[in-house]
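The next block holds one structure in the form of structure tokens; read it before the comments.
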Amino acid sequence: MTELALKTENFFKHIDSFVDYRKEIYEASDQTIRSNLIDLNLFKEFTEKQNYNTITGPVVMKYQVHLKHDRMNVGSSINRKIFTLRSYGQYLSLLEVEGAKRLPFRDILKIRGGYKNIPQALSLDQIKVLFESIDRSTYLGIRDYCIYALMYNLGLRIGEVYSLDLEDIDLKKREITVTGKGKKRRTLYLTDEMMEIINDWLSARKYFLNSEYLKCFFISKKGNRLSIRTMEDNFKKIFINSNIKTYFNVTCHTLRHSFASHLNDEEVDILVLQSLLGHSSTRSTEIYIHPSEQRIRQALDRLPGVKYVSQLIASGALKLRFQKCYKKRMNIELNEALIT
């Protein structure tokens, strides 16, 4: 007998056990679990709103259309959401949930991303303006300045900043130990600037509620570990107040891209960048190290042809003039303008 498609009510029954399984067996980070729950609940909300009773191929394709046109998601975001559903579907198959083997997620093709998905970076001048716009005359400002300085000066992910504890900072050795993806830990050197910024925050930290009891490095106004959502929201406010204009969307993660891009402009070896960013391979690092606009201009200016033409113009050997037909057309237009 052919197995029937999985009912939506049965599909969403096992989310809690899926999360526990991911935490216990795969040691998934809190940020990964949070993303999984957001993705699953978003799909649940979609099926309920559209009154879908079973999970079928057409349903998933309509969900992709919804993500693209209604939620304006780019290809990489849609792919991630489908991947979460695929992982959850595989978990249901392991549980031998009836209908799980007919789930269509594995058949959904990956959306290819174009050049528009290449990470963007802020310029050095924009970084300066951004940090100058943070009010360091308040305890909250001192805290936020330290948070975003860690993201830019050390290239930390927001999840890595979130999970920092006091014991991860060794001021005597001038080191910070970071827990990255897959629970991988790496130790980074603290510059004089970062030492000063961290010491300023530690001096302000004691005035926060529950500071003497909490092991977390960053504390909220309410006396809890500062959430990722709050870091994101505060950064958005700071960026808006800075009046920096960009043609791309700027988030906390842009600071990490800027860190890598600026080091790349200084010709830091890709293997060093890989180690600093906590990547398992250089392939992951490569997308972070696109050259800045200034470096591209400098490269073009070094072209032999460009130099030769510039020298001719400077020496007066090459005189630029309009073509005769263009000059004639300009005179006609000028005369018409005078007549009218």
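The values are calculated or read from the model by the stated rules, or taken from the named source; none is laboratory data. On a predicted model such as this, the values are computed, not experimentally measured, just so you know. Cβ: placed from backbone, ideal geometry, glycine included. Neighbour counts: every protein chain shown.
Some observations on this one:
- The number of residues in segment 191-218 that are among the basic types (Lys, Arg) and closer than 17 Å to residue 139 by Cα comes to 2.
- Residue match in segment 48-57 (condition: within 26 Å of the chain's Cα centre (by Cα), aromatic (Phe, Trp, Tyr) and either part of a helix (DSSP H, G or I) or within 22 Å of residue 73 (Cβ to Cβ) (or both)): no
- Lone unmet requirement of (1) among the small types (Gly, Ala, Ser); (2) loosely packed, with under 15 Cβ neighbours inside 10 Å; (3) in a loop (DSSP other than H, G, I, E, B) for residue 28: (2)
- Residue check, residue 254 more than 18 Å from residue 136 (Cα to Cα), surrounded by fewer than 18 Cβ atoms within 10 Å (Cβ to Cβ), out of contact with any Gly (no Cβ under 7 Å at 6 or more places or on another chain) and among the β-branched types (Val, Ile, Thr): no
- Here 23, 44 are screened, and the one residue that is basic (Lys, Arg) and modelled with pLDDT of 90 or more is 44.
- Condition met for residue 99 (small (Gly, Ala, Ser), in contact (Cβ under 8 Å) with a residue 60 or more places away in the chain and either surrounded by 16 or more Cβ atoms within 10 Å (Cβ to Cβ) or in the same structural domain as residue 34 (by TED's automatic domain parsing) (or both)): yes
- So residue 34, is it among the basic types (Lys, Arg), part of a helix (DSSP H, G or I) and touching a residue at least 60 places away in the same chain (Cβ under 8 Å): yes
- Single match in 241, 249 (criterion: in contact with a Ser or Thr (Cβ under 8 Å, 6 or more places away or on another chain) and surrounded by fewer than 13 Cβ atoms within 10 Å (Cβ to Cβ)): 241
- Residues that are touching a Lys or Arg at 6+ places or on another chain (Cβ under 8 Å) and closer than 22 Å to residue 212 by Cα, drawn from segment 150-177: 162, 165, 166, 167, 177
- From the list 235, 208, the lone residue that is surrounded by 12 or more Cβ atoms within 10 Å (Cβ to Cβ), in contact with a helix residue (DSSP H, G or I) (Cβ under 8 Å, 6 or more places away or on another chain) and assigned to a loop (DSSP other than H, G, I, E, B) is 208.
- The one condition in (1) over 21 Å from the mean Cα position of the chain (by Cα); (2) within 20 Å of residue 206 (Cβ to Cβ) that residue 164 fails to fulfil: (1)
- Flag if residue 176 is in the same structural domain as residue 253 (by TED's automatic domain parsing), without any contact (Cβ under 8 Å) to a residue 60 or more places away in the chain, closer than 30 Å to residue 22 by Cβ and not in a loop (DSSP other than H, G, I, E, B): yes
- Comparison of 197, 142, 134 shows that the only residue that is more than 17 Å from residue 260 (Cα to Cα), in the same structural domain as residue 241 (by TED's automatic domain parsing), of a type in the set (A, V, I, L, M, F, W, C) and assigned to a loop (DSSP other than H, G, I, E, B) is 134.
- On inspection, residue 213 fails the criterion of being of a type in the set (Phe, Trp, Tyr), touching an Asp or Glu at 6+ places or on another chain (Cβ under 9 Å) and either part of a loop (DSSP other than H, G, I, E, B) or within 25 Å of residue 120 (Cβ to Cβ) (or both).
- Count - residues of segment 238-256 that are part of a loop (DSSP other than H, G, I, E, B) and on the phi < 0 side of the Ramachandran plot: 8
- Near pairs, Cβ below 7 angstrom, 6+ apart or cross-chain, from segment 66-85 (more than 27 Å from residue 14 (Cα to Cα)) to any residue that is outside any helix (DSSP H, G or I): 75/111; 75/112; 75/113
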